[in-house]
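Enquirer: Dropping a structure here in structure tokens format, bear with me for questions.
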Amino acid sequence: MPPRKRKVAEITTTNEEADVNVVDGGAEAKRKKEGKGTGPQGKKVKIKKEAVPTAALLPWPQHFKQLSQTHSALNLVYTFCCTRKHLATTFETIKAAVEGRIRRELSVEEVVEVKCLVGSRGIRFEWTDCSEEGEWDDDKGRSMGKMALLFEFVDGADGGRKRAKSGAMVEMTQTQMMKVINRRNERFTNAVNAFLEKCAKEGVQDPVEELRKGCATHMPVSPYSSEESSPTPTSVESTIPPEIPIERKSIKQILSEITHTREFYHNQIVPDGHFTIPAREAVFGDLTFLLSQGLVNALYNARNITRLYSHQAAALNAIHAGEDVIVSTSTSSGKSLIYQLPVLHAIESDRRTKAMYIFPIKALAQDQLRGLKELLSWMGEDGTPLEGVDVGTFDGDMGVEERREVRERANVVFTNPDMLHVAILPNEGLWRSFFRELKFVVVDGVFPRMRVRGDCCGLILGRVACL
């Protein structure tokens, strides 16, 4: 006799019932049947359990029970509407269906309260331009360029559709849609429990009134309403700072502000992903040569620097000895000073000294240009700018006259590999006086470049080395 085909049973448990699917060796699934850990005839089964919402620690007021009923109706109607292509889930479109399930009138304020509990990450309820939402085939949603009050869940599940690996939209099965609906309902239940617990800890006597106070910023403002009926701007909390900060905040302050005050942030840092590296004692070094008093004053006035770190001193001593240097240290460790100080020290001794700074991106070049000008502004006598020294940028955004002036007058030229290839190296005759006095070539931002881009940059720098 041939061996009997092995039967595999599957149980999917929910809050109300447990269903069993018995599959007989690839045959069609049989009728679902209630069961526990075993299937028919004592066969072993595979159990899959869904997350159960946390039990309510506090009794729900009647108003929150009504909001739960409204959320469930909105969830079901929205998911059904999303199975129809080009059907916009505007407030007018879904209102009648939702009212039929909750058996009372649905108001905008009630939907706003649901959104306030779930959060902006879970529900979108705002006035939007119909023309930007595609072609709508329903009479209530189609407005031909007019505004409509749109409602939709934005939790990643697009109603009755989902994306395949190829990127195409495919229809969700009934089981998948039910999982999405249950997951949203569980999330709302947990949100209500968390809100009530928060009110209890803060001693709030009326959670309903507290919820309505927090809904002011979530209320959609109709573009067709008059100025008298529109809420005043003072009802919305402004995120614009009262004044532009002069000093940059620390990383700790920035992280604290993002994680506690930003609406878009929601546990985006993985567990154990945020840690603090303890501070270490600074290690300083000494130079084997003397800096001028003007350069020392510039370091103190512009950067508040009185001593150099050990890696800075070692690199500066090597450059002063005529060696080629590559510096690889962490961010904000003072790498820029390692090439700025030798260039300024040489320019002080000989105004004909030239230097070329090569940066991969323009933004980085502009930052370093501002830093170099700041040092130059303190290097003269009595804190005045150093005379006879010009610095400039040579990039694709400059005109012909500006390029000529930089080429003929600048002691330090800020450029990039592309401009070296298309404008500087092909016109070596025009740059001959600059190359004759060129003492320093700085590449700020050395990192691996692969394939064609890497080969081109390598060849360009090789041509510079041959000058």
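Enquirer: Which numbered condition trips up Val327, out of (1) among the aliphatic types (A, V, I, L, M); (2) in a helix (DSSP H, G or I); (3) touching a Lys or Arg at 6+ places or on another chain (Cβ under 8 Å)?
Expert: (2)
Enquirer: So, one more: Could you tell me whether any residue of region 397-409 is surrounded by fewer than 15 Cβ atoms within 10 Å (Cβ to Cβ) and in contact with a Leu (Cβ under 8 Å, 6 or more places away or on another chain)?
Expert: No, region 397-409 has no match at all.
Enquirer: With the requirement that a residue be of a type in the set (Ser, Thr, Tyr) and either in contact with a Phe, Trp or Tyr (Cβ under 6 Å, 6 or more places away or on another chain) or in the same structural domain as Leu344 (by TED's automatic domain parsing) (or both), what does region 271-295 give you?
Expert: Of everything in region 271-295, those that are of a type in the set (Ser, Thr, Tyr) and either in contact with a Phe, Trp or Tyr (Cβ under 6 Å, 6 or more places away or on another chain) or in the same structural domain as Leu344 (by TED's automatic domain parsing) (or both) turn out to be Thr288, Ser292.
Enquirer: If you don't mind, another one. Whether any residue in region 442-450 is aliphatic (A, V, I, L, M), assigned to a loop (DSSP other than H, G, I, E, B) and without any contact (Cβ under 8 Å) to a residue 12 or more places away in the chain is what I want to check.
Expert: Yes.
Enquirer: Against the definition (more than 29 Å from Tyr300 (Cα to Cα), of a type in the set (D, E, K, R), assigned by TED's automatic domain parsing to the domain that holds Leu337 and without any contact (Cβ under 8 Å) to a residue 40 or more places away in the chain), how does Arg403 come out, yes or no?
Expert: Spelling it out, Arg403 is indeed more than 29 Å from Tyr300 (Cα to Cα), of a type in the set (D, E, K, R), assigned by TED's automatic domain parsing to the domain that holds Leu337 and without any contact (Cβ under 8 Å) to a residue 40 or more places away in the chain.
Enquirer: Kindly list the number of the only condition in (1) part of a loop (DSSP other than H, G, I, E, B); (2) surrounded by 16 or more Cβ atoms within 10 Å (Cβ to Cβ) that fails for Arg351.
Expert: (2)
Enquirer: Return the residue satisfying two criteria in turn: it lies in region 79-110 and is touching a strand residue (DSSP E or B) at 6+ places or on another chain (Cβ under 6 Å) and not in a loop (DSSP other than H, G, I, E, B), and of such residues it is farthest from Val208 (Cα to Cα).
Expert: So, considering only residues that are touching a strand residue (DSSP E or B) at 6+ places or on another chain (Cβ under 6 Å) and not in a loop (DSSP other than H, G, I, E, B), the one farthest from Val208 (Cα to Cα) is Thr90.
Enquirer: For region 277-299, does any single residue satisfy the condition of being farther than 24 Å from Leu364 by Cα, under 23 Å from the mean Cα position of the chain (by Cα) and modelled with pLDDT under 90?
Expert: So far as region 277-299 goes, no, none of its residues is farther than 24 Å from Leu364 by Cα, under 23 Å from the mean Cα position of the chain (by Cα) and modelled with pLDDT under 90.
Enquirer: Taking the criterion of being among the basic types (Lys, Arg), under 30 Å from Arg121 (Cα atoms), part of a loop (DSSP other than H, G, I, E, B) and at pLDDT below 80, would at least one residue in region 257-266 satisfy it?
Expert: The answer is yes; a qualifying residue exists.
Rundown of residues vs (1) at pLDDT 90 or above; (2) acidic (Asp, Glu); (3) over 26 Å from Arg248 (Cα atoms), yes/no style:
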site	(1), (2), (3)
Tyr309	yes, no, no
Gly322	yes, no, yes
Ser330	no, no, no
Leu364	no, no, no
Leu369	yes, no, no
Leu375	yes, no, no
Val391	yes, no, yes
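Enquirer: Just a yes or no: is a residue in region 375-398 closer than 30 Å to Gln293 by Cα, part of a helix (DSSP H, G or I) and within 36 Å of the chain's Cα centre (by Cα)?
Expert: yes
Enquirer: Moving to a separate point now. If Ala363 meets every condition in (1) exposed (fewer than 15 other Cβ atoms within 10 Å of the Cβ); (2) touching a Pro at 6+ places or on another chain (Cβ under 7 Å); (3) not acidic (Asp, Glu) apart from one, which number is that one?
Expert: (2)
The values are calculated or read from the model by the stated rules, or taken from the named source; none is laboratory data. Just so you know, these numbers come straight off a predicted model, no measurement behind them. Here Cβ is always computed from backbone atoms with ideal geometry, including for glycine, and neighbour counts include all displayed protein chains.
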